[in-house]
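The values are calculated or read from the model by the stated rules, or taken from the named source; none is laboratory data. Because the structure is predicted, anything quoted here is derived from the model rather than measured. Reconstructed Cβ throughout: ideal geometry from the backbone, glycine too, with neighbour counts over all protein chains shown.
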Ligand SMILES: Cc1ncc(COP(=O)(O)O)c(C=O)c1O
(Lines give C-alpha, C1' and ligand atoms only; values in the text may rest on other atoms or scores of the structure.)
Protein backbone atom coordinates (compact mmCIF):
# COMPACT_ATOMS: atom_id res chain seq x y z
CA UNK A 1 0.00 0.00 0.00
CA UNK A 2 1.23 3.44 -0.83
CA UNK A 3 1.56 5.56 2.30
CA UNK A 4 1.02 9.24 1.64
CA UNK A 5 1.22 12.04 4.17
CA UNK A 6 -2.52 11.91 4.91
CA UNK A 7 -2.67 8.33 5.99
CA UNK A 8 0.81 7.88 7.40
CA UNK A 9 -0.16 8.42 11.00
CA UNK A 10 -3.66 7.01 10.62
CA UNK A 11 -2.33 3.70 9.30
CA UNK A 12 0.65 3.58 11.55
CA UNK A 13 0.65 1.21 14.47
CA UNK A 14 1.71 4.29 16.43
CA UNK A 15 -1.62 6.04 15.92
CA UNK A 16 -2.88 7.45 19.18
CA UNK A 17 -5.13 5.08 21.04
CA UNK A 18 -4.31 2.11 18.86
CA UNK A 19 -2.56 0.38 21.72
CA UNK A 20 -5.18 1.31 24.24
CA UNK A 21 -3.23 2.97 27.04
CA UNK A 22 -4.59 6.03 28.79
CA UNK A 23 -2.45 8.76 30.33
CA UNK A 24 -3.53 7.73 33.79
CA UNK A 25 -2.23 4.21 33.36
CA UNK A 26 1.19 5.89 33.09
CA UNK A 27 0.61 7.83 36.28
CA UNK A 28 0.14 11.23 34.63
CA UNK A 29 -2.09 13.73 36.34
CA UNK A 30 -4.57 15.53 34.10
CA UNK A 31 -4.54 18.72 36.17
CA UNK A 32 -2.41 21.72 35.31
CA UNK A 33 -0.15 22.69 38.16
CA UNK A 34 0.35 26.30 37.10
CA UNK A 35 -3.25 27.22 37.83
CA UNK A 36 -2.85 26.10 41.45
CA UNK A 37 0.28 28.12 42.28
CA UNK A 38 0.37 31.31 44.27
CA UNK A 39 1.91 33.78 41.82
CA UNK A 40 0.54 36.89 43.46
CA UNK A 41 3.90 38.54 44.10
CA UNK A 42 7.19 38.52 42.21
CA UNK A 43 9.09 36.67 44.90
CA UNK A 44 6.55 33.81 44.72
CA UNK A 45 7.05 33.71 40.95
CA UNK A 46 10.82 33.62 41.41
CA UNK A 47 10.49 30.83 44.01
CA UNK A 48 9.23 28.50 41.28
CA UNK A 49 12.69 28.54 39.62
CA UNK A 50 15.96 26.81 40.48
CA UNK A 51 18.01 29.86 39.45
CA UNK A 52 21.35 30.19 41.22
CA UNK A 53 20.75 33.03 43.73
CA UNK A 54 24.44 33.87 43.98
CA UNK A 55 24.32 35.72 40.63
CA UNK A 56 22.01 38.22 38.93
CA UNK A 57 20.60 36.74 35.74
CA UNK A 58 19.96 39.25 32.96
CA UNK A 59 20.16 37.03 29.90
CA UNK A 60 16.58 35.75 29.71
CA UNK A 61 16.45 36.75 26.04
CA UNK A 62 18.74 33.82 25.24
CA UNK A 63 17.69 30.70 27.14
CA UNK A 64 15.09 30.27 29.86
CA UNK A 65 15.17 28.60 33.21
CA UNK A 66 11.96 26.55 33.62
CA UNK A 67 9.46 26.97 36.48
CA UNK A 68 8.32 24.05 38.65
CA UNK A 69 5.28 22.98 36.58
CA UNK A 70 7.33 22.88 33.37
CA UNK A 71 10.15 20.94 35.06
CA UNK A 72 7.70 18.49 36.61
CA UNK A 73 5.92 17.90 33.32
CA UNK A 74 9.24 17.29 31.53
CA UNK A 75 10.23 14.80 34.20
CA UNK A 76 6.90 12.94 34.07
CA UNK A 77 7.00 12.65 30.28
CA UNK A 78 10.65 11.65 30.30
CA UNK A 79 9.98 8.89 32.84
CA UNK A 80 7.08 7.59 30.77
CA UNK A 81 9.17 7.54 27.61
CA UNK A 82 12.09 5.90 29.36
CA UNK A 83 9.94 3.17 30.88
CA UNK A 84 8.08 2.23 27.72
CA UNK A 85 8.99 4.48 24.78
CA UNK A 86 6.62 3.39 22.05
CA UNK A 87 3.51 2.57 24.05
CA UNK A 88 3.84 5.72 26.13
CA UNK A 89 4.30 7.78 22.96
CA UNK A 90 1.29 6.15 21.33
CA UNK A 91 -0.90 6.70 24.38
CA UNK A 92 -0.01 10.39 24.62
CA UNK A 93 0.73 11.67 21.14
CA UNK A 94 -2.70 12.90 20.03
CA UNK A 95 -3.79 14.49 23.30
CA UNK A 96 -0.47 16.10 24.14
CA UNK A 97 0.18 17.52 20.66
CA UNK A 98 -3.34 18.95 20.65
CA UNK A 99 -2.72 20.46 24.07
CA UNK A 100 0.31 22.26 22.63
CA UNK A 101 -1.69 23.81 19.78
CA UNK A 102 -4.60 24.66 22.08
CA UNK A 103 -2.57 26.27 24.84
CA UNK A 104 -0.60 28.28 22.28
CA UNK A 105 -3.89 29.32 20.66
CA UNK A 106 -5.34 30.36 24.00
CA UNK A 107 -2.27 32.41 24.88
CA UNK A 108 -1.99 34.05 21.45
CA UNK A 109 -5.79 34.53 21.23
CA UNK A 110 -6.06 32.69 17.95
CA UNK A 111 -7.17 29.33 16.57
CA UNK A 112 -4.93 26.30 17.22
CA UNK A 113 -5.01 25.36 13.53
CA UNK A 114 -3.20 28.57 12.62
CA UNK A 115 -0.16 27.44 14.59
CA UNK A 116 2.77 25.30 13.60
CA UNK A 117 5.02 23.87 16.32
CA UNK A 118 8.78 24.20 15.89
CA UNK A 119 11.95 23.76 17.93
CA UNK A 120 13.08 27.39 17.96
CA UNK A 121 12.74 30.80 16.36
CA UNK A 122 15.58 29.82 14.04
CA UNK A 123 13.76 26.71 12.85
CA UNK A 124 10.57 28.73 12.31
CA UNK A 125 12.37 31.42 10.31
CA UNK A 126 14.20 28.81 8.22
CA UNK A 127 11.00 26.93 7.42
CA UNK A 128 8.95 30.04 6.74
CA UNK A 129 11.38 32.03 4.60
CA UNK A 130 12.62 29.05 2.61
CA UNK A 131 9.11 27.71 2.11
CA UNK A 132 7.62 30.95 0.75
CA UNK A 133 6.18 30.61 -2.74
CA UNK A 134 7.49 33.49 -4.83
CA UNK A 135 6.73 34.27 -8.45
CA UNK A 136 9.62 35.24 -10.77
CA UNK A 137 10.61 38.87 -10.21
CA UNK A 138 9.04 39.17 -6.76
CA UNK A 139 11.28 40.67 -4.10
CA UNK A 140 11.87 40.40 -0.37
CA UNK A 141 12.24 43.62 1.60
CA UNK A 142 14.03 43.36 4.93
CA UNK A 143 16.12 45.45 7.30
CA UNK A 144 19.77 45.68 8.31
CA UNK A 145 18.72 45.03 11.93
CA UNK A 146 17.75 41.39 11.45
CA UNK A 147 19.23 38.57 13.51
CA UNK A 148 21.66 36.10 11.93
CA UNK A 149 18.87 33.48 11.76
CA UNK A 150 16.62 35.70 9.59
CA UNK A 151 19.48 36.96 7.44
CA UNK A 152 20.78 33.47 6.77
CA UNK A 153 17.33 32.01 6.03
CA UNK A 154 16.59 34.84 3.61
CA UNK A 155 19.98 34.46 1.92
CA UNK A 156 19.40 30.73 1.43
CA UNK A 157 16.02 31.54 -0.09
CA UNK A 158 17.62 34.04 -2.46
CA UNK A 159 20.42 31.61 -3.40
CA UNK A 160 18.04 28.76 -4.16
CA UNK A 161 15.18 30.69 -5.79
CA UNK A 162 16.90 33.64 -7.43
CA UNK A 163 14.68 36.01 -5.44
CA UNK A 164 16.10 39.48 -4.89
CA UNK A 165 16.49 40.72 -1.31
CA UNK A 166 16.54 44.43 -0.54
CA UNK A 167 17.85 45.48 2.86
CA UNK A 168 17.13 48.88 4.35
CA UNK A 169 18.20 50.67 7.49
CA UNK A 170 15.20 51.58 9.64
CA UNK A 171 17.16 54.03 11.83
CA UNK A 172 20.75 55.21 12.17
CA UNK A 173 20.59 56.30 15.82
CA UNK A 174 18.64 53.74 17.86
CA UNK A 175 18.33 56.04 20.87
CA UNK A 176 16.62 58.77 18.83
CA UNK A 177 14.29 56.64 16.74
CA UNK A 178 10.60 57.44 16.15
CA UNK A 179 7.70 55.20 15.12
CA UNK A 180 6.69 57.45 12.27
CA UNK A 181 10.24 57.51 10.84
CA UNK A 182 10.39 53.71 10.90
CA UNK A 183 7.05 53.33 9.13
CA UNK A 184 8.01 56.00 6.58
CA UNK A 185 11.38 54.36 5.87
CA UNK A 186 9.74 51.00 5.24
CA UNK A 187 6.91 52.30 3.12
CA UNK A 188 9.17 54.40 0.93
CA UNK A 189 11.21 51.26 0.16
CA UNK A 190 8.19 49.18 -0.90
CA UNK A 191 7.85 48.74 -4.67
CA UNK A 192 5.32 46.87 -6.77
CA UNK A 193 7.77 43.94 -6.79
CA UNK A 194 7.79 43.66 -2.98
CA UNK A 195 6.07 40.39 -2.10
CA UNK A 196 7.59 39.76 1.34
CA UNK A 197 8.33 42.18 4.15
CA UNK A 198 10.57 40.44 6.68
CA UNK A 199 11.16 42.34 9.94
CA UNK A 200 11.96 41.77 13.60
CA UNK A 201 9.68 43.16 16.31
CA UNK A 202 12.27 43.84 19.00
CA UNK A 203 15.87 44.13 17.78
CA UNK A 204 18.27 42.14 19.90
CA UNK A 205 21.13 44.35 18.67
CA UNK A 206 19.71 47.66 19.95
CA UNK A 207 16.58 46.91 22.00
CA UNK A 208 14.41 48.94 19.60
CA UNK A 209 10.81 47.72 19.32
CA UNK A 210 9.37 48.60 15.92
CA UNK A 211 5.69 49.61 15.56
CA UNK A 212 4.47 46.34 14.06
CA UNK A 213 0.80 47.32 14.24
CA UNK A 214 1.35 50.64 12.41
CA UNK A 215 3.45 48.84 9.79
CA UNK A 216 0.70 46.22 9.44
CA UNK A 217 -1.87 48.98 8.84
CA UNK A 218 0.31 50.65 6.21
CA UNK A 219 0.85 47.27 4.52
CA UNK A 220 -2.90 46.60 4.56
CA UNK A 221 -3.52 49.89 2.73
CA UNK A 222 -1.08 48.92 -0.02
CA UNK A 223 -2.52 45.41 -0.17
CA UNK A 224 -6.06 46.70 -0.67
CA UNK A 225 -5.04 47.64 -4.21
CA UNK A 226 -3.17 44.40 -4.95
CA UNK A 227 -4.17 40.95 -6.16
CA UNK A 228 -3.92 37.84 -3.99
CA UNK A 229 -0.71 36.77 -5.79
CA UNK A 230 1.02 40.10 -5.38
CA UNK A 231 -0.05 41.34 -1.96
CA UNK A 232 2.72 41.90 0.56
CA UNK A 233 3.21 39.07 3.06
CA UNK A 234 4.33 40.71 6.29
CA UNK A 235 6.53 38.30 8.29
CA UNK A 236 7.71 39.07 11.82
CA UNK A 237 10.43 37.55 13.95
CA UNK A 238 8.55 38.28 17.16
CA UNK A 239 10.69 36.39 19.66
CA UNK A 240 11.57 39.33 21.91
CA UNK A 241 8.06 40.78 22.06
CA UNK A 242 6.38 37.41 22.65
CA UNK A 243 6.18 36.62 26.38
CA UNK A 244 6.53 40.32 27.26
CA UNK A 245 4.04 42.41 25.28
CA UNK A 246 0.41 41.57 26.09
CA UNK A 247 -0.26 40.61 22.53
CA UNK A 248 -3.34 39.36 20.81
CA UNK A 249 -1.73 38.04 17.69
CA UNK A 250 -4.61 38.56 15.27
CA UNK A 251 -4.45 42.28 16.01
CA UNK A 252 -0.77 42.75 15.16
CA UNK A 253 -1.53 42.99 11.46
CA UNK A 254 1.14 40.59 10.22
CA UNK A 255 0.74 37.50 8.03
CA UNK A 256 3.27 35.35 9.86
CA UNK A 257 4.76 35.58 13.33
CA UNK A 258 7.70 33.43 14.43
CA UNK A 259 9.00 32.97 17.98
CA UNK A 260 10.80 30.60 20.29
CA UNK A 261 9.20 29.61 23.60
CA UNK A 262 12.48 28.94 25.44
CA UNK A 263 13.19 32.58 26.21
CA UNK A 264 10.71 35.04 27.76
CA UNK A 265 7.92 32.45 28.08
CA UNK A 266 10.08 30.13 30.27
CA UNK A 267 9.11 27.23 28.01
CA UNK A 268 11.04 23.98 27.59
CA UNK A 269 14.30 24.33 25.70
CA UNK A 270 13.78 23.40 22.06
CA UNK A 271 10.25 24.79 21.62
CA UNK A 272 8.83 27.48 19.35
CA UNK A 273 6.07 28.17 16.83
CA UNK A 274 5.03 29.86 13.61
CA UNK A 275 1.64 31.56 13.54
CA UNK A 276 0.05 32.35 10.19
CA UNK A 277 -3.05 34.21 9.12
CA UNK A 278 -5.59 31.73 7.74
CA UNK A 279 -5.48 33.06 4.20
CA UNK A 280 -1.67 33.39 4.18
CA UNK A 281 -0.59 29.82 4.97
CA UNK A 282 -1.21 28.70 1.40
CA UNK A 283 1.78 30.78 0.29
CA UNK A 284 4.22 28.54 2.16
CA UNK A 285 5.36 25.04 1.21
CA UNK A 286 6.11 22.72 4.15
CA UNK A 287 9.78 21.73 3.80
CA UNK A 288 9.83 18.88 6.33
CA UNK A 289 7.20 16.10 6.25
CA UNK A 290 4.71 16.53 9.06
CA UNK A 291 3.39 13.83 11.41
CA UNK A 292 0.62 16.17 12.59
CA UNK A 293 -1.73 16.38 9.63
CA UNK A 294 -4.33 14.41 11.58
CA UNK A 295 -4.93 17.24 14.03
CA UNK A 296 -6.05 20.07 11.78
CA UNK A 297 -6.44 19.82 8.01
CA UNK A 298 -4.55 23.07 7.57
CA UNK A 299 -1.19 24.25 6.33
CA UNK A 300 -0.31 25.33 9.88
CA UNK A 301 -0.41 21.72 11.05
CA UNK A 302 1.40 20.58 7.92
CA UNK A 303 4.19 23.03 8.69
CA UNK A 304 4.93 21.31 12.01
CA UNK A 305 8.06 19.28 11.20
CA UNK A 306 7.64 15.56 11.62
CA UNK A 307 10.02 12.90 12.82
CA UNK A 308 9.94 11.73 16.41
CA UNK A 309 10.67 14.68 18.64
CA UNK A 310 12.02 15.37 22.11
CA UNK A 311 8.42 14.88 23.24
CA UNK A 312 9.14 15.20 26.95
CA UNK A 313 10.08 18.81 26.25
CA UNK A 314 7.43 19.72 23.74
CA UNK A 315 4.55 18.26 25.75
CA UNK A 316 5.55 20.35 28.76
CA UNK A 317 4.96 23.51 26.69
CA UNK A 318 1.30 23.96 27.75
CA UNK A 319 2.52 24.37 31.35
CA UNK A 320 4.63 27.35 30.27
CA UNK A 321 1.66 29.03 28.58
CA UNK A 322 -0.49 28.35 31.65
CA UNK A 323 2.21 29.68 33.96
CA UNK A 324 2.34 32.97 32.07
CA UNK A 325 -1.45 33.22 31.90
CA UNK A 326 -1.69 32.48 35.63
CA UNK A 327 0.57 35.50 36.28
CA UNK A 328 -1.35 37.61 33.76
CA UNK A 329 -0.22 39.11 30.46
CA UNK A 330 -0.75 42.76 31.43
CA UNK A 331 1.05 42.26 34.74
CA UNK A 332 4.02 40.69 32.94
CA UNK A 333 4.18 43.48 30.38
CA UNK A 334 4.05 46.19 33.05
CA UNK A 335 6.66 44.51 35.22
CA UNK A 336 9.22 43.98 32.46
CA UNK A 337 8.75 47.50 31.12
CA UNK A 338 9.05 48.93 34.61
CA UNK A 339 12.31 47.10 35.37
CA UNK A 340 13.81 48.08 32.02
CA UNK A 341 12.75 51.69 32.53
CA UNK A 342 14.44 51.65 35.93
CA UNK A 343 17.63 50.27 34.36
CA UNK A 344 17.61 52.70 31.43
CA UNK A 345 16.93 55.69 33.67
CA UNK A 346 19.78 54.63 35.96
CA UNK A 347 22.21 54.07 33.08
CA UNK A 348 21.33 57.32 31.36
CA UNK A 349 22.10 59.21 34.56
CA UNK A 350 25.72 58.00 34.32
CA UNK A 351 27.94 60.38 32.35
CA UNK A 352 30.21 57.52 31.21
CA UNK A 353 27.40 55.54 29.57
CA UNK A 354 25.78 55.82 26.16
CA UNK A 355 22.32 54.27 26.23
CA UNK A 356 21.42 52.75 22.86
CA UNK A 357 17.85 51.66 23.60
CA UNK A 358 15.01 54.21 23.57
CA UNK A 359 13.64 55.14 27.00
CA UNK A 360 10.06 55.04 25.76
CA UNK A 361 8.09 51.82 26.35
CA UNK A 362 6.44 52.38 22.97
CA UNK A 363 9.81 51.86 21.27
CA UNK A 364 11.43 49.28 23.53
CA UNK A 365 10.61 46.16 25.51
CA UNK A 366 12.82 43.87 27.64
CA UNK A 367 16.23 44.50 26.06
CA UNK A 368 18.53 47.28 27.23
CA UNK A 369 21.70 47.95 25.20
CA UNK A 370 24.42 50.40 26.14
CA UNK A 371 28.10 51.14 25.82
CA UNK A 372 30.81 52.59 27.97
CA UNK A 373 32.90 54.57 25.46
CA UNK A 374 36.53 53.57 25.93
CA UNK A 375 35.72 50.02 27.10
CA UNK A 376 35.05 47.07 24.75
CA UNK A 377 31.55 45.57 25.23
CA UNK A 378 33.05 42.18 26.09
CA UNK A 379 35.09 43.83 28.84
CA UNK A 380 31.97 45.57 30.15
CA UNK A 381 30.20 42.18 30.37
CA UNK A 382 33.28 40.54 31.94
CA UNK A 383 33.48 43.42 34.44
CA UNK A 384 29.81 42.98 35.34
CA UNK A 385 30.29 39.22 35.68
CA UNK A 386 33.07 39.87 38.18
CA UNK A 387 30.42 41.76 40.17
CA UNK A 388 28.02 38.75 39.90
CA UNK A 389 25.87 40.18 37.10
CA UNK A 390 25.37 38.03 34.00
CA UNK A 391 24.73 39.98 30.81
CA UNK A 392 25.65 39.41 27.17
CA UNK A 393 27.11 41.22 24.18
CA UNK A 394 24.99 41.67 21.06
CA UNK A 395 26.00 39.26 18.24
CA UNK A 396 25.85 41.83 15.42
CA UNK A 397 28.39 43.71 13.24
CA UNK A 398 28.43 46.54 15.76
CA UNK A 399 28.46 45.06 19.25
CA UNK A 400 27.07 46.52 22.46
CA UNK A 401 26.70 45.43 26.08
CA UNK A 402 23.20 44.10 26.83
CA UNK A 403 21.17 43.49 29.97
CA UNK A 404 17.63 42.12 29.79
CA UNK A 405 15.73 42.55 33.06
CA UNK A 406 12.80 40.13 33.23
CA UNK A 407 10.30 38.62 35.64
CA UNK A 408 13.03 36.90 37.63
CA UNK A 409 14.77 40.16 38.52
CA UNK A 410 13.76 42.78 41.05
CA UNK A 411 14.38 46.47 41.74
CA UNK A 412 17.32 45.76 44.06
CA UNK A 413 19.10 43.77 41.33
CA UNK A 414 18.54 46.57 38.83
CA UNK A 415 20.04 49.05 41.30
CA UNK A 416 22.98 46.70 41.77
CA UNK A 417 23.51 46.53 38.00
CA UNK A 418 23.47 50.34 37.68
CA UNK A 419 26.01 50.65 40.53
CA UNK A 420 28.22 48.00 38.91
CA UNK A 421 28.14 49.85 35.56
CA UNK A 422 28.96 53.12 37.38
CA UNK A 423 32.01 51.47 38.95
CA UNK A 424 33.17 50.26 35.53
CA UNK A 425 32.78 53.80 34.18
CA UNK A 426 35.07 55.07 36.93
CA UNK A 427 37.77 52.72 35.67
CA UNK A 428 37.65 54.28 32.18
CA UNK A 429 38.15 57.86 33.43
C1 LIG B 1 15.93 38.53 17.12
C2 LIG B 1 16.30 37.09 17.29
N3 LIG B 1 15.74 36.18 16.47
C4 LIG B 1 16.02 34.87 16.59
C5 LIG B 1 16.87 34.40 17.57
C6 LIG B 1 17.12 32.91 17.68
O7 LIG B 1 16.28 32.37 18.65
P8 LIG B 1 16.15 30.79 18.89
O9 LIG B 1 17.14 30.44 19.92
O10 LIG B 1 14.76 30.60 19.42
O11 LIG B 1 16.37 30.14 17.60
C12 LIG B 1 17.47 35.31 18.45
C13 LIG B 1 18.37 34.83 19.52
O14 LIG B 1 18.29 35.12 20.67
C15 LIG B 1 17.17 36.69 18.30
O16 LIG B 1 17.74 37.59 19.12
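Just give me the residues in segment 127-141 being within 16 Å of the ligand (Cβ to nearest atom) and crowded, with 22+ Cβ neighbours inside 10 Å, in sequence order.
If the condition is that a residue be within 16 Å of the ligand (Cβ to nearest atom) and crowded, with 22+ Cβ neighbours inside 10 Å, then 127, 128, 129 are the ones that fit.
When you go through (1) modelled with pLDDT under 85; (2) exposed (fewer than 11 other Cβ atoms within 10 Å of the Cβ); (3) part of a loop (DSSP other than H, G, I, E, B) one by one for residue 3, which number turns out not to apply?
(2)
So residue 301 passes all but one of these: (1) out of contact with any helix residue (DSSP H, G or I) (no Cβ under 6 Å at 6 or more places or on another chain); (2) under 21 Å from residue 314 (Cβ atoms); (3) surrounded by fewer than 23 Cβ atoms within 10 Å (Cβ to Cβ). Which condition number does it fail?
Condition not satisfied by residue 301: (3).
Residues that are free of Cβ contacts under 8 Å to residues at least 40 places away in the same chain and under 30 Å from residue 321 (Cβ atoms): list the helices (runs of 4 or more DSSP H) wholly contained in segment 133-252 that include at least 2 such residues.
Helices (runs of 4 or more DSSP H) meeting the threshold: 148-161, 212-223.
When you look at residue 126, is it in the same structural domain as residue 313 (by TED's automatic domain parsing) and either assigned to a loop (DSSP other than H, G, I, E, B) or modelled with pLDDT of 95 or more (or both), yes or no?
yes
If you scan segment 253-265, which residues turn out to be farther than 20 Å from residue 61 by Cβ and assigned to a loop (DSSP other than H, G, I, E, B)?
Residues satisfying the conditions are 253, 254, 255.
Before we move on, is residue 120 crowded, with 19+ Cβ neighbours inside 10 Å and farther than 16 Å from residue 294 by Cα?
Criteria met by residue 120.
Name the one entry in 234, 291, 256, 266 that is more than 12 Å from the ligand (Cβ to nearest atom) and modelled with pLDDT under 95.
Answer to the selection: 291.
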